[in-house]
Amino acid sequence: MLNVTSHFFEFVPEEQRDGPNQTFLTCDELESNRELYYRARAGLGVSAFGLSVERWPAGSDLYPEHAEPEQEEVYVVLEGSATLVAGGREYPLEPLRLARVAPRITRKILPGDKGVTVLCIGGIPGAAYTPPAFTEEGAPWR
């Protein structure tokens, strides 16, 4: 495991992985909705920003088109590819490409021909983060 401190990387021995200041989980250890949406924020105990992992199969139209009223979001493709439609324009998303979408901009992710796994990070500019109820572990899915 990598522990990023200061300006260098340090390997953390497996016996020291879990403790009061760090949590290490795989996506399969997180609560998920049909293995599409993974509650990473709640599973890791993050409170400062929203965090989810989303796995969308090839050809899926399940990702909801939406606009966040206050929250900006960053998307990072971990596997596969997709097209991000934001503000009426299309942007290709490939592994390790980062994209930011501002509040009030309509967005939708269209998975590529091999599907896509996306890390989604969200927060409200200049404000404290309050997690939506549906992102809490055990909460009903919307």
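Among the residues of the range 32-53, those identified as assigned to a loop (DSSP other than H, G, I, E, B) and without any contact (Cβ under 8 Å) to a residue 24 or more places away in the chain are Arg34, Glu35, Gly45, Val46.
Screening Tyr63 against (1) surrounded by 15 or more Cβ atoms within 10 Å (Cβ to Cβ); (2) closer than 22 Å to Arg34 by Cβ; (3) at pLDDT 95 or above leaves a single unmet condition, (3).
Determine if the range 54-69 includes at least one residue that is assigned to a strand (DSSP E or B) and of a type in the set (A, V, I, L, M, F, W, C).
Keep residues of the range 54-69 that are assigned to a strand (DSSP E or B), which gives 54-56, 66.
Restricting the remaining residues to those that are of a type in the set (A, V, I, L, M, F, W, C) gives 56.
Checked the range 54-69: at least one residue is assigned to a strand (DSSP E or B) and of a type in the set (A, V, I, L, M, F, W, C).
Matching residues to (1) touching a Phe, Trp or Tyr at 6+ places or on another chain (Cβ under 7 Å); (2) at pLDDT below 95; (3) under 23 Å from Ala128 (Cα atoms):
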| site | (1), (2), (3) |
| --- | --- |
| His7 | no, yes, no |
| Glu10 | no, yes, no |
| Phe49 | yes, no, yes |
| Glu54 | yes, no, no |
| Val74 | no, no, yes |
| Pro95 | no, no, no |
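Among the conditions (1) surrounded by 14 or more Cβ atoms within 10 Å (Cβ to Cβ); (2) part of a loop (DSSP other than H, G, I, E, B), Ala99 misses just one, which is (2). Checking Lys108 against (1) more than 17 Å from the chain's Cα centre (by Cα); (2) surrounded by 12 or more Cβ atoms within 10 Å (Cβ to Cβ): exactly one of these is not met. Which one? With (1) more than 17 Å from the chain's Cα centre (by Cα); (2) surrounded by 12 or more Cβ atoms within 10 Å (Cβ to Cβ) applied to Lys108, the lone miss is (1).
Under the condition of being closer than 15 Å to Thr83 by Cα and surrounded by fewer than 18 Cβ atoms within 10 Å (Cβ to Cβ), which residue from the range 113-129 is nearest to the chain's Cα centre (by Cα)? Step through it out loud before you land on a result.
Step one: list which residues in the range 113-129 are closer than 15 Å to Thr83 by Cα, which gives 113-120.
Now drop any that are not surrounded by fewer than 18 Cβ atoms within 10 Å (Cβ to Cβ), which leaves 113-115, 119.
Values: Asp113: 20, Lys114: 19, Gly115: 15, Leu119: 3 Å.
Of everything passing the filter in the range 113-129, Leu119 is nearest to the chain's Cα centre (by Cα).
Which residues, counting only those in the range 71-125, are among the aromatic types (Phe, Trp, Tyr) and over 26 Å from Ala48 (Cβ atoms)? Once the filter is applied, which keeps residues that are among the aromatic types (Phe, Trp, Tyr) and over 26 Å from Ala48 (Cβ atoms), the range 71-125 yields only Tyr91.
For the range 126-142, which residues satisfy the criterion of being of a type outside the set (Val, Ile, Thr), in a helix (DSSP H, G or I) and in contact with a Lys or Arg (Cβ under 8 Å, 6 or more places away or on another chain)? Within the range 126-142, just Phe134 meets the criteria.
The values are calculated or read from the model by the stated rules, or taken from the named source; none is laboratory data. Quick caveat: nothing in here was measured; it's all calculated off a predicted structure. Here the Cβ is made from the backbone with ideal geometry for all residues, glycine too, and neighbour counts use every protein chain on show.
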